[in-house]
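J.: Sharing a structure, written as structure tokens. Questions coming.
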């Protein structure tokens, strides 16, 4: 019988078949030539070496599990405290309201998805953008935050830092300088939900991209 | 806890009986860790990634509708997470080794993460070479070898996880093995 030479791809496929049947190459493919047998053995050895990685494991499993569970539990508590205790439609309504109020507070126009009404237009018409911070002592930290959020510092005088940036950057800067960590998470979620549910038309991107001048002052 | 199968346990967790999540972690911790390790290449990053992945899966579990197997869904999340982490890792790698202090440049200490890894993972020489060569494979081939030859997923499951056709799975496995075979041969292991 003429011996057959198989391609490497065929041999690799044969390897899986042979493994599944726990059989030998020669038995299943009696026509295989010596060269192919050698190739096959190399594939077999390659897979065997790769399989050594199955021995990799986490060294301190107990600690890993307990700290992961703790993290999961803390995320669950947060979620429960905000969303899970109320029904989904009510949660969505509250998130929309909070989001709208947040934007209102930042003097950003909020257009509701249903009626396209700019409910904060009166605020925008006399817009003055101010971020009130509780601690003005570490000026470098505040300047760094402005720069990190894509802003440019225009002027610095006693108790007032004037800068300019796009409105989107102003929002995130204001959030970072004034909200607590938990508020930031909630704020992000509500903002994302608003944007996700907005069909991308809730906010005017033209407006969000506008550059504004704003002041950072010490809150009274 | 073991009186329930995995599907039932997932449903119980979704209904709020989160104590069953520990069993899920125990079942998959090593698989997730190994995958992350193969992708990220060091123990600490892989450990941190594994934890983040389990927390993320826990948070998203309410969205799991059981249309695919849980393990497939978990691996999709793991794969996406590791891709992002790898991207971040690459960005981190180009950080300057100098820090500007006042007007003086101060050299930052370089921490060799390979130091001490032997304490954490038992590595034979062959294993070390195989790990290195596996790391050097293109992403598509490395990933598929991890799923097939380390985690022993079926072709169908891999196709589901990677969102590619069954024939593509087979082709990639063959090519991946061939590439690795050649590399191991060049290193004198075959």
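The values are calculated or read from the model by the stated rules, or taken from the named source; none is laboratory data. Note that the structure is a prediction, hence the values are computed from the model and not measured. Neighbour counts run over all protein chains shown; Cβ positions are idealised from the backbone, glycine included.
J.: Can you find a residue in segment B:161-168 that is over 30 Å from residue A:60 (Cβ atoms), at pLDDT below 90 and buried (at least 18 other Cβ atoms within 10 Å of the Cβ)?
T.: Yes; the residues of segment B:161-168 include at least one that is over 30 Å from residue A:60 (Cβ atoms), at pLDDT below 90 and buried (at least 18 other Cβ atoms within 10 Å of the Cβ).
J.: Can we say residue B:136 is facing chain A (nearest Cβ under 7 Å) and farther than 21 Å from residue B:67 by Cα?
T.: On the way: facing chain A (nearest Cβ under 7 Å): no; farther than 21 Å from residue B:67 by Cα: yes.
When the stated conditions are applied, residue B:136 does not pass them.
J.: Condition first: closer than 11 Å to residue B:38 by Cα and free of Cβ contacts under 8 Å to residues at least 40 places away in the same chain. Now tell me which residues in segment B:140-150 satisfy that.
T.: The one that is closer than 11 Å to residue B:38 by Cα and free of Cβ contacts under 8 Å to residues at least 40 places away in the same chain: B:145.
J.: Output the number of the condition that residue A:58 fails; it satisfies all remaining conditions of (1) within 20 Å of residue B:184 (Cα to Cα); (2) out of contact with any strand residue (DSSP E or B) (no Cβ under 9 Å at 6 or more places or on another chain); (3) at pLDDT 85 or above.
T.: Every condition holds for residue A:58 apart from (1).
J.: Tell me, which helices (runs of 4 or more DSSP H) lie completely within segment B:1-93 with 1 or more residues that are within 19 Å of residue B:153 (Cα to Cα), more than 10 Å from every other protein chain (Cβ to nearest Cβ) and within 18 Å of the chain's Cα centre (by Cα)? Talk me through it step by step, then tell me what you get.
T.: Working: elements: B:6-14, B:21-40, B:43-60, B:70-92.
So the answer is B:21-40, B:70-92.
J.: Give just the number: which of (1) more than 11 Å from every other protein chain (Cβ to nearest Cβ); (2) closer than 22 Å to residue B:83 by Cβ; (3) at pLDDT below 90; (4) assigned to a helix (DSSP H, G or I) does residue B:131 not satisfy?
T.: If we test residue B:131 against (1) more than 11 Å from every other protein chain (Cβ to nearest Cβ); (2) closer than 22 Å to residue B:83 by Cβ; (3) at pLDDT below 90; (4) assigned to a helix (DSSP H, G or I), just (1) comes out false.
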